[in-house]
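S.K.: Before we start, here is the structure in question, set down as structure tokens.
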Amino acid sequence: MYRLRFLIGLLLFAFAYTCVASAAEHTKDTLAVVKANVEQEKAVFVDVREKAEWEEGHLEGALHLPLGELQEGVAPKSLEEKLDKSKILYTHCAAGKRALIAADILEKLGYKVRPLKHGAADLLKTFPKAE
């Protein structure tokens, strides 16, 4: 019985940690800097929202990499086919929290990540929407 309680406690802690804890911080890059980096092809947007959110509207040129997939564990080879380690990845979501969690995962895999605090709705006011 003790082992079962211990395992349940450990699982709850791990779940809470992945949902709440984040070592990454939102980037201090202004939207003007973000725009310049994307236009100069030094950076790309990585939308970490889930599929239904993505389909409601996303940034032109953004890559879609749902946080759920990252948390389940995406094969590094699969990520390498989608993401360029030489570029800055501006992760974003609806409100900024998932962007931080995704940044933690991607940074551990060797990517240069700058999570955005701005949510997708705010970004769509500044950057072109995909058709």
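The values are calculated or read from the model by the stated rules, or taken from the named source; none is laboratory data. It should be emphasised that the depicted structure is a prediction, and the values quoted were computed from it without experimental measurement. Cβ atoms come from the backbone with ideal geometry, glycine included; neighbour counts cover every protein chain shown. Accessible surface is based on the protein model in full, side chains and every heavy atom, while ligands, DNA and RNA are left aside. Shrake-Rupley method; radii C 1.70, N 1.55, O 1.52, S 1.80 Å.
S.K.: Pull up region 106-131, narrow it to residues that are in a loop (DSSP other than H, G, I, E, B) and of a type in the set (D, E, K, R), then point me to the one that is farthest from the chain's Cα centre (by Cα).
M.R.: Step one: list which residues in region 106-131 are in a loop (DSSP other than H, G, I, E, B), which gives 109-111, 114-119, 127-128, 130-131.
Applying the additional criterion that residues be of a type in the set (D, E, K, R) yields 114, 117, 131.
Values: Arg114: 9, Lys117: 11, Glu131: 22 Å.
So, considering only residues that are in a loop (DSSP other than H, G, I, E, B) and of a type in the set (D, E, K, R), the one farthest from the chain's Cα centre (by Cα) is Glu131.
S.K.: Considering only region 45-67, state which residues are aliphatic (A, V, I, L, M), open to solvent by less than 40 Å² (accessible area, probe 1.4 Å) and in a strand (DSSP E or B).
M.R.: Val46, Leu59
S.K.: Restricting attention to region 34-44, which residues are over 13 Å from the mean Cα position of the chain (by Cα) and surrounded by 14 or more Cβ atoms within 10 Å (Cβ to Cβ)?
M.R.: Matches in region 34-44: Val34, Lys35, Asn37, Val38, Ala43.
S.K.: When only residues in region 68-82 that are aliphatic (A, V, I, L, M) and not in a loop (DSSP other than H, G, I, E, B) count, which is farthest from Glu25 (Cα to Cα)?
M.R.: Of all residues in region 68-82, those aliphatic (A, V, I, L, M) come to 70, 74-75, 79.
Subset that is not in a loop (DSSP other than H, G, I, E, B): 70, 79.
Values: Leu70: 18, Leu79: 22 Å.
Taking the candidates together, the pick is Leu79.
S.K.: Could you please tell me which pairs satisfy a Cβ distance under 7 Å, a separation of 6+ or placement on different chains, a first residue in region 36-58 that is farther than 17 Å from Leu79 by Cβ, and a second residue that is open to solvent by 100 Å² or more (accessible area, probe 1.4 Å) and not small (Gly, Ala, Ser)?
M.R.: Between residues of region 36-58 that are farther than 17 Å from Leu79 by Cβ and residues that are open to solvent by 100 Å² or more (accessible area, probe 1.4 Å) and not small (Gly, Ala, Ser), the close pairs are Gly57/Lys129.
S.K.: Which one of these does Lys85 not meet: (1) exposed (fewer than 15 other Cβ atoms within 10 Å of the Cβ); (2) part of a helix (DSSP H, G or I)?
M.R.: Going through (1) exposed (fewer than 15 other Cβ atoms within 10 Å of the Cβ); (2) part of a helix (DSSP H, G or I) one by one, Lys85 breaks only (2).
S.K.: Keeping to region 97-131, report how many residues are of a type in the set (A, V, I, L, M, F, W, C), surrounded by fewer than 15 Cβ atoms within 10 Å (Cβ to Cβ) and touching a residue at least 60 places away in the same chain (Cβ under 8 Å).
M.R.: Of the residues in that region, 1 qualify.
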